[in-house]
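Worksheet for the structure shown next.
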Amino acid sequence: MTVIDKPAGTRTRRTIGVAGWIGAGVLAAVVLVTLFAPLLVGDPLEQDFTVILRAPSHAHPFGTDDLGRDVLTRTVFGGRTGLALTAVAAAVASVLGLSLALLGALYGGWIDGLTARLADIQLAVPSIVLAIVVLSFIGNSFVPIVVVLVLGSWVLTFRVIRGHARAVVQQQYIEAARVAGAGRGAIAWRHLIPSVLPLFFVAVTLSAASALLLESSLGFLGLGVQPPEPDWGQMVAAGRDTLSTSPWIAVFPGLVVVVTAVALQLLGDGLAERFVGGQTVQRGIAR
């Protein structure tokens, strides 16, 4: 990741922009709807064999599945566990990536080399393959799923923060602080962390988008949330056999996954514009 200064005299409004606000609004709407799902819709497990595979209608806006369950209700409830997994994993992965990036920048040498090699190794192994291996051995309850989501997401934050942190520690005011007797902890707390914090907030949104897509992929493969509890990826998998006759079973939950992931990306881009201010951010993993 590199940060490029704009020409002198150029003024930039410190705002997340229209796209950022759209992303924030959509994300807030999705979170609120799933959070208050019990107050908005019925029971996602309720079956009605008189309305099996009904097309979208006034009574069932998203249609019904092969057991007569309301797809809208299951889609709303399907985001509860998925978003909880995504939020926890994104938070842990971002803090882990930040910690390793700061550690390497502050100490340099073999420590920086080791953290960089760990990131390279992680990138060399596809996240979905790693998830399949790990979950096959330790099961697919909440904690193991969070672990594989963290393993698949921490590198993004690490790569976003590492380059900037290494550039900061080479600045003259950091050297002056060292000469004045400041230790690594004081330098990190007073100078390094405030400098990388804006990029950290951007990285959190990117990690969340990555974790959401990975969690949905695990659900699609049957390694995520288990039936009958609804999950977006699991619902897409359940509807793939009836795509030609009842596409709504898979299309609507799949569409919600895409919309949520795009909202996170838009919010991340907006935060980059807001926090970096008069600078343009170029990311190596995501623009």
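Quick check: anything in the range 210-224 exposed (fewer than 14 other Cβ atoms within 10 Å of the Cβ) and of a type in the set (S, T, N, Q)?
no
On the given criteria, is Phe252 under 23 Å from Ile16 (Cβ atoms), in a helix (DSSP H, G or I), touching a residue at least 60 places away in the same chain (Cβ under 8 Å) and aromatic (Phe, Trp, Tyr)?
No.
Go through Leu114, Leu85 for me and flag whichever is assigned to a helix (DSSP H, G or I) and surrounded by 20 or more Cβ atoms within 10 Å (Cβ to Cβ).
Leu85 is the lone residue from the list that is assigned to a helix (DSSP H, G or I) and surrounded by 20 or more Cβ atoms within 10 Å (Cβ to Cβ).
Yes/no per residue for (1) among the acidic types (Asp, Glu); (2) closer than 22 Å to Gly254 by Cβ; (3) in a loop (DSSP other than H, G, I, E, B):
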position: Pro44; (1), (2), (3): no, yes, yes
position: Pro61; (1), (2), (3): no, yes, yes
position: Thr75; (1), (2), (3): no, yes, no
position: Leu130; (1), (2), (3): no, no, no
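Run down Leu151, Leu67 and say which single residue is on the phi < 0 side of the Ramachandran plot and not in a loop (DSSP other than H, G, I, E, B).
Values: Leu67 fails: not in a loop (DSSP other than H, G, I, E, B).
Testing whether each residue is on the phi < 0 side of the Ramachandran plot and not in a loop (DSSP other than H, G, I, E, B) leaves just Leu151.
Listed here are the residues, each with its yes/no results for (1) in contact with a helix residue (DSSP H, G or I) (Cβ under 9 Å, 6 or more places away or on another chain); (2) crowded, with 18+ Cβ neighbours inside 10 Å; (3) of a type in the set (Val, Ile, Thr); (4) modelled with pLDDT of 90 or more.
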| position | (1), (2), (3), (4) |
| --- | --- |
| Trp248 | yes, yes, no, yes |
| Pro253 | yes, yes, no, yes |
| Val256 | yes, yes, yes, yes |
| Val259 | yes, no, yes, yes |
| Ala263 | yes, yes, no, yes |
| Leu267 | yes, yes, no, yes |
| Gly277 | yes, no, no, no |
| Thr280 | yes, no, yes, no |
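Please specify each residue of the range 67-83 satisfying the condition of being of a type in the set (A, V, I, L, M) and free of Cβ contacts under 8 Å to residues at least 24 places away in the same chain.
Of all residues in the range 67-83, those of a type in the set (A, V, I, L, M) come to 67, 71-72, 76, 83.
Passing the criteria: only Leu67.
Could you count how many residues in the range 123-151 are buried (at least 18 other Cβ atoms within 10 Å of the Cβ) and within 30 Å of His191 (Cα to Cα)?
Counting residues in the range 123-151 that are buried (at least 18 other Cβ atoms within 10 Å of the Cβ) and within 30 Å of His191 (Cα to Cα) gives 2.
So Gly181 fits all but one of (1) touching a helix residue (DSSP H, G or I) at 6+ places or on another chain (Cβ under 6 Å); (2) part of a loop (DSSP other than H, G, I, E, B); what number is the exception?
It fails just one condition, (1).
If the requirement is being surrounded by 21 or more Cβ atoms within 10 Å (Cβ to Cβ) and either within 30 Å of Arg159 (Cα to Cα) or within 18 Å of the chain's Cα centre (by Cα) (or both), which of these qualifies: Ser99, Ser94?
Only one candidate qualifies: Ser94.
The rows are residues; the columns are (1) under 30 Å from Val71 (Cα atoms); (2) assigned to a helix (DSSP H, G or I); (3) out of contact with any Gly (no Cβ under 8 Å at 6 or more places or on another chain); (4) among the hydroxyl-bearing types (Ser, Thr, Tyr).
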residue: Leu156; (1), (2), (3), (4): no, yes, no, no
residue: Gly163; (1), (2), (3), (4): no, yes, yes, no
residue: Ala203; (1), (2), (3), (4): no, yes, no, no
residue: Ser216; (1), (2), (3), (4): yes, yes, no, yes
residue: Pro230; (1), (2), (3), (4): yes, no, no, no
residue: Asp241; (1), (2), (3), (4): yes, yes, yes, no
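Table: residues versus (1) more than 19 Å from the chain's Cα centre (by Cα); (2) free of Cβ contacts under 8 Å to residues at least 40 places away in the same chain.
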site: Pro144; (1), (2): no, yes
site: Ala177; (1), (2): yes, yes
site: Ile187; (1), (2): yes, no
site: His191; (1), (2): yes, yes
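The values are calculated or read from the model by the stated rules, or taken from the named source; none is laboratory data. Predicted model only: the values in this text are computed from it and were never measured. So basically every Cβ, Gly included, is an ideal-geometry build from the backbone, and we count neighbours across all protein chains shown.
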